[in-house]
Every structure is written in structure tokens, then in C-alpha cells.
Amino acid sequence: MRETQVLLRREPGYGGFVFHPEDATFVHLDHEAFATAKRVWCDGGSPESEDARTMMRQLTEALPPMGGPVRYVDHGPGTATIVSNQFAAPTLIDFQITDYCELACPQCYASSVAGGRHVDWDDACLAFARMREAGVCQVAIGGGEPLRHPLLAEILAEVRANGMVPNLTTTGIGMSDAQLDAITTHCGAVALSLEGVGERFSIRRRQGWDTFREQVARFMGAGLNLVLQITLSAENCDELHEIAEYAAGIDGLYGVIFLAHKPAGRATLFDSPLAARPFAEVYPQVIAAVRRLRKNTRVGFDCCLSPLITSVESDLGFAPTEIVEGCSAVRGSIGLTIDLDCVPCTFLPARKLGNLREASVVDIWRNLHADAFRDLQAAFLDRGPGCAGCRVNGSCLGGCPVWDLVGCAHTEGAAP
């Protein structure tokens, strides 16, 4: 049985959080609740009041069994935050463990090629140790095709050994039974990309539609938490009804995540961001797909779609800013290349923040390069009167600070 160790991490801005790696439960705590949890779990003390006892009982009930001592991470007082909801260190790192992929899909953001490089094992172990030290919770494993890394199983096990949850994005092609066993044992979830159905899928993903469905069946048969990633572009948004119908028909599907098409890698020359089409044309198709999918599975959104989500939030009956989350780059996450370069996100490989061979995660998180990127995010108020007057600007942040990826109802004259 896998040993699990709950993480209790202090966040100077509001108290901190509890993360349980068994099922990736993530609970935010205010200053008082956090101090009580630390007193009970880490210092051997007892709750000091009936309210504190009630809070601890509710917190314990919200988590799987503890399974051992709690690991405590404290980053100290930290520094002044430049953008809202900025963590003291990343909670998620997106790790590109290989450049290798033989498919050469036109949709590929990484421009991966056959014969690409893999991250060195010693570098991977160093990276995971640095992540553990910082209190990182989850590691998104990608590439390239991570199945081509000869030590994928060992990498997934090492992530777990450091108290984090690995999640995997893959095509599933060429997956051995041993790799499937390792993925089933260690991964919290597995993601497959879906941008069309039938022949339209094959235009974007070279493995072909029949092969894709075979991989869906194989992962579902293994009992994994399978997520379908639907990248929305100006060209495929008219196909959303068909895509949603297919996804909704998969019994037991864990979830669907909508992503924004980005002009990076080979995708620079293939398809266009949603911003190329009027919001009034895009939104009805997106909200219809979301409503259809929510009847059968979970639905999530890439933070790059935050301007779009403001309207989704309203139409689904959520309170303002309840589900909207702006760009998470260097606020809650960073990307990591095979050379251990930290970047704001893996779509921006040339924008280096620092290297884990030379500095810790926290030192890189707090350096001038990271602050400069946050300055871009904080500048959303300068993007025009639409953003400046919007009621959700503090959480939306105006969308991606690098590319114009998607419009919103507010800037097009119909405030969400």
C-alpha cells in the first residue's frame, strides 16, 4: 500500500492549506483554523475551544485517513503580492519530461519530434526534491509523449515518494502493460486531447480517430480517472455540439477540461485563438456544450479562458468570482523544461525565470524575472475601460497576459 503524508502549508496572505495526496483534496484554512491544525497535527497539542474542536472534526471528515504524521511547510512572511491570489510558492508544476514524439501533430504546442531528448534521471530527482521542499502539491507530467521516456514508471513513483500527485497528459499510443500499471498505481488522473470527432479529429491528431477511441477504452478499462482536454479554437468551436455528445456518451468519464488554443509551437500555423471570432458567435456554443456535459461528468476550464468563464459563471448560477480564475502562471504554477529551466508556463519556453540546478523553487518564485511576469498580469487595468470597470477583474485578470486568446461579453458591450 502506498504511504501518504498530508501536507500542511502556511500561506502568509490568508493562513494556509491542507493537501491530501491520496485523492488530491485541497482545503484552504484561515489564520485561526490553520493555527489550530498546526497545533493539533504538528505540535502535539489540543484544540483550545469548542469551535476549534468542531473545525478539526469537520476538517478530518473532509479528508481521507491521515495515514501518518503531517508534513509542515512554512515559507515565512513572504513578500508583498503583485497580483491577487498569489501563493507563496507554486502548488502545481507542469513538467515537460521529454521532447520526443513521433506523431508530429499540427496541433502540437511543443513542436516535438521523433528522436527528441528526455530529462535526465538525476535531474528529475533533483527537481522533485526541490518541489517537495517548496510544498508543491501536484506535478503535471507531459512532453512530447511521456510514454517514450524509458523511466516513466520510475518518475511517477518518485513524484509520489516526494508527497505529490502526478497527473499525465498522453496519447496512450505504444503504452506497455507495465507503464499502464505504473500510471494506474501512481497517477491522480490521465488526460487525452480531443479537438474533433471522426475525420476532424484526425486532421489535428495524427494517431487517428479509431486509435484514440481504443486508448479511451483502455484507460477506462483500467479504472483510471480519465479527463478529456478539449482545446477550443476559432475553427473548431462550431463542432462543439458533436464533441460534447461524444464525451457525454462515455460512461464513467472523470471530467472534461476546456482549454484555449494558443499560438505556440506548430500550433502557431494551425488554427486560431477564439478571439478571432466574435464573442457572440463563440459563447452560445460553449455554454450549450457545458450544459450538456454537466449532466454526465465534471467540467473544468483552463485559466487562459477566464474572460469567457465570467459569462459561464453567471449563466450557470454561480456567484461572481466563484469559479473564475485568471492566469495561474507564477501565481500558483510554473512550467519546467527537460533542462530544468523554470518558465511561467510550458507555452512560453523562451521566457526563463531560473534553473533548478542553480536555485530553489522558492528563490526562483520570488526573483525579479517572476515579478516581471506578474507585472504583466497586474497590468490588466490598462487594457481598456472594459477590464477596468468589470466586477470580476481581480480574479479574471483580463485573460492571458501574452496573447489575446478569447473575448468576453463585457468588452464587447454586454457586461457579464
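The values are calculated or read from the model by the stated rules, or taken from the named source; none is laboratory data. Treat the numbers as computed from the prediction; the structure is a model and nothing was measured. Note: ideal-geometry Cβ built from the backbone for every residue, glycine included; neighbour counts use all protein chains shown. To get the accessible areas, we keep the full protein, side chains included, count just its heavy atoms, and leave off ligands, DNA and RNA. Shrake-Rupley method; radii C 1.70, N 1.55, O 1.52, S 1.80 Å.
The calculated FRET efficiency for Ser49 paired with Thr81, based on their beta-carbon distance and R0 = 41 Å, is about 0.85.
A crude spin-label estimate for the pair Val113 and Glu22, with each label 7 Å from Cα along the Cβ direction, gives 4.7 nm. Using equal-weight Cα scatterers in the Debye expression, the normalised intensity of segment 137-291 in log10 at q = 0.12, 0.18 Å⁻¹ is -0.55, -1.13. Applied to segment 325-330, the Karplus parametrisation 6.51 cos²θ - 1.76 cosθ + 1.60 on θ = phi - 60° returns per-residue 3J(HN,Hα) values of 9, x, 3, 8, 4, 6 Hz, with x for Gly and Pro.
Backbone amide hydrogens, once placed in the peptide plane, bring Val165 within less than 5 Å of Gln138, Val139, excluding anything fewer than 5 places away on its chain.
If r is the Cβ-Cβ distance from Arg39 to Ala359 and R0 is 45 Å, what FRET efficiency results, to the nearest 0.05? Numbers along the way, then the final one.
Details: r = 33 Å, r/R0 = 0.73.
Once rounded, the FRET efficiency stands at 0.85.
With a 1.4 Å probe rolled over the protein heavy atoms of all chains, the accessible area of Trp41, Trp365 falls in the order Trp41, Trp365, largest first.
In a fully extended conformation the segment linking Asp404 and Ala350 would gain 17.6 nm over its present Cα-Cα distance, using 0.36 nm per residue. In the chain, helical runs assigned H by DSSP with n ≥ 4 each contribute -39500 (n - 2.57); averaged across all residues and rounded to the nearest 500, the mean residue ellipticity at 222 nm is -9500 deg cm²/dmol.
Once backbone amide H atoms are built at 1.01 Å from N, Phe258 has Ile230, Gly300, Phe301, Asp302 as its partners under 5 Å, excluding neighbours fewer than 5 places away on the same chain. Taking other residues whose beta carbon is less than 15 angstrom from the beta carbon of Cys303, and scoring Lys, Arg as +1 and Asp, Glu as -1, yields -2. Over segment 265-372, the reciprocal of the mean inverse Cα-Cα separation, the Kirkwood hydrodynamic radius, stands at 16.4 Å. Counting only DSSP beta bridges whose two residues both lie in the chain, roughly 30 percent are antiparallel.
Taking all protein chains in place and a 1.4 Å probe, what share, in percent, of the accessible surface of the chain do carbon and sulfur account for?
Carbon and sulfur atoms account for 51 percent of the accessible area of the chain.
The distance separating the Cα centre of segment 31-97 from that of segment 338-362 comes to 27 Å. 3J(HN,Hα) along segment 309-324: 5, 4, 7, 4, 4, 5, 5, 8, x, 7, 6, x, 6, 6, 10, 6 Hz, from the Karplus curve 6.51 cos²θ - 1.76 cosθ + 1.60 with θ = phi - 60°, whole Hz, x for Gly and Pro. Gain on full extension, evaluated as 0.36 nm per residue between Asp122 and Asp251 minus their Cα-Cα distance, stands at 42.4 nm. Sequence-distant or interchain residues sharing an amide H contact under 5 Å with Gly354, placed H: which? So Gly354 has HN proximity to Cys342.
The residues of the chain expose, per residue, 41 Å² of accessible area to a 1.4 Å probe. Can you give the convex hull volume of the alpha carbon atoms of the chain per residue, in Å³? Convex hull of Cα atoms, per residue: 143 Å³. Placing R0 at 30 angstrom, the Cβ-Cβ distance between Asp74 and Ala379 gives a FRET efficiency of 0.45 after rounding to 0.05.
Could you rank the peptides 168-176, 393-401, 218-226, 22-30 by their average count of other C-beta atoms within 10 Å per residue, with the highest value first?
Working: 168-176: 19.3, 393-401: 23.4, 218-226: 16.1, 22-30: 14.3.
Answer by packing, highest mean first, reads 393-401, 168-176, 218-226, 22-30.
Each 10 Å bin, from zero up to the one with the longest distance, holds this percent of the alpha carbon pairs of segment 88-142: 22, 42, 27, 9.
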